[in-house]
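Report on the structure given below.
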Amino acid sequence: MDASLTINVISLSISVIALTISAYLAHRQASAAHGANLIPVVSHLFREWRQPDFIRTQKYILTDLGVDHDSDRGLSGIPDPLQSQIDKVAVFYDDLGKLVAYRALDWKLVIGTFGVTTVRVWNVLKPFIYRERELRGTQHMACFEDLACRAKENPPAELHKKIGLRVDRSP
């Protein structure tokens, strides 16, 4: 092999290595920027979930909605102002589901944080939402349903083990 061919092969190898490293670093930088951009979104979601009105309405859904109201009229058959309050909770979970479905948020973060309650709220609202779909002729709250299905398939307790959350077993 002559010297010029050897120099060309070495130059090409160095270029390929440099390109690979550059691509890797660019990917890491883009991932870090994406994560940083999501911090305000996640903070807002956590804040919303802790609001007293939200907590009160969610508790009502889980304990009394199915007793006080018939699902045959759908969500829109619930009188206001209760309907508006229930819509806020349902839309919250539907919006979470959208962020997961469109990969704007990591599903592990959402399900690890909101999964148990998502499933519980979905189970109560499901007959109301299904009836609403019939009335509207749409896939009303489809992302909420998808999120609940993902949470059922990936129970938060199992997810916490998989991601390595520790448990304090000391007395």
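Put simply, when 108-115, 133-140 are sorted by average Cβ atoms within 10 angstrom per residue, most first, you get 108-115, 133-140.
Is there a quick way to get the dipole size of the chain? I mean about its Cα centre, with the Cβ of Lys and Arg at +1 and of Asp and Glu at -1; what is the value in debye to the nearest 20?
Numbers: 21 positive and 19 negative charges, 101 e Å.
In debye, rounded to 20, the chain gives about 480.
For Lys161 and Asp95 in the same chain, what is the full-extension length gain: residue separation times 0.36 nm, less their Cα-Cα distance, in nm?
Details: separation 66, 0.36 × 66 = 23.76 nm, distance 2.63 nm.
Roughly 21.1 nm would be gained on extension.
Entry comment: accessible area of the chain is 66 Å² per residue, from protein heavy atoms only and a probe of 1.4 Å. Gain on full extension, evaluated as 0.36 nm per residue between Asp70 and Tyr24 minus their Cα-Cα distance, stands at 11.0 nm. Under the simplified labelling scheme, the Glu48-Thr138 pair shows an inter-label distance of 1.7 nm, with each label point 7 Å from Cα along Cα→Cβ.
Dividing the Cα radius of gyration of the chain by 2.2 N^0.38 Å, with N the residue count, gives 1.55.
Think of the chain as a dipole: +1 on every Lys or Arg Cβ, -1 on every Asp or Glu Cβ, centred on the Cα centre; then among Leu135, Val67, Gln29, Gln29 lies furthest on the positive end. Model label sites at Ile14 and Asn154, defined 7 Å from Cα along the beta-carbon direction, differ in position by 4.4 nm. Using θ = phi - 60° in the Karplus curve 6.51 cos²θ - 1.76 cosθ + 1.60, the 3J(HN,Hα) couplings for segment 63-80 round to 10, 10, 4, x, 7, 7, 9, 8, 6, 4, 9, x, 5, 5, x, 7, x, 6 Hz; x is entered for Gly and Pro.
Summarising the overall dimensions of segment 102-152 from its C-alpha atoms, the Rg and Dmax are 11.7, 34 angstrom.
Placing unit charges on the Cβ atoms of the charged side chains and taking the dipole of the chain about its Cα centre, the candidate lying farthest along the positive direction among Pro40, Ser15, Tyr102 is Ser15.
With only Lys, Arg, Asp and Glu charged, each at its Cβ (+1 for the first two, -1 for the last two), find how big the charge dipole of segment 39-136 is about the Cα centre; round to the nearest 20 debye. Don't skip to the end; give the middle numbers.
Working: 14 positive and 13 negative charges, 76 e Å.
Here the size comes out at about 360 debye.
The values are calculated or read from the model by the stated rules, or taken from the named source; none is laboratory data. Since this is a predicted model, take the numbers as computed values, not measurements. Virtual Cβ from ideal backbone geometry, glycine too; neighbours counted across all protein chains shown. Protein only, heavy atoms only, side chains kept; ligands, DNA and RNA dropped before computing areas. Shrake-Rupley method; radii C 1.70, N 1.55, O 1.52, S 1.80 Å.
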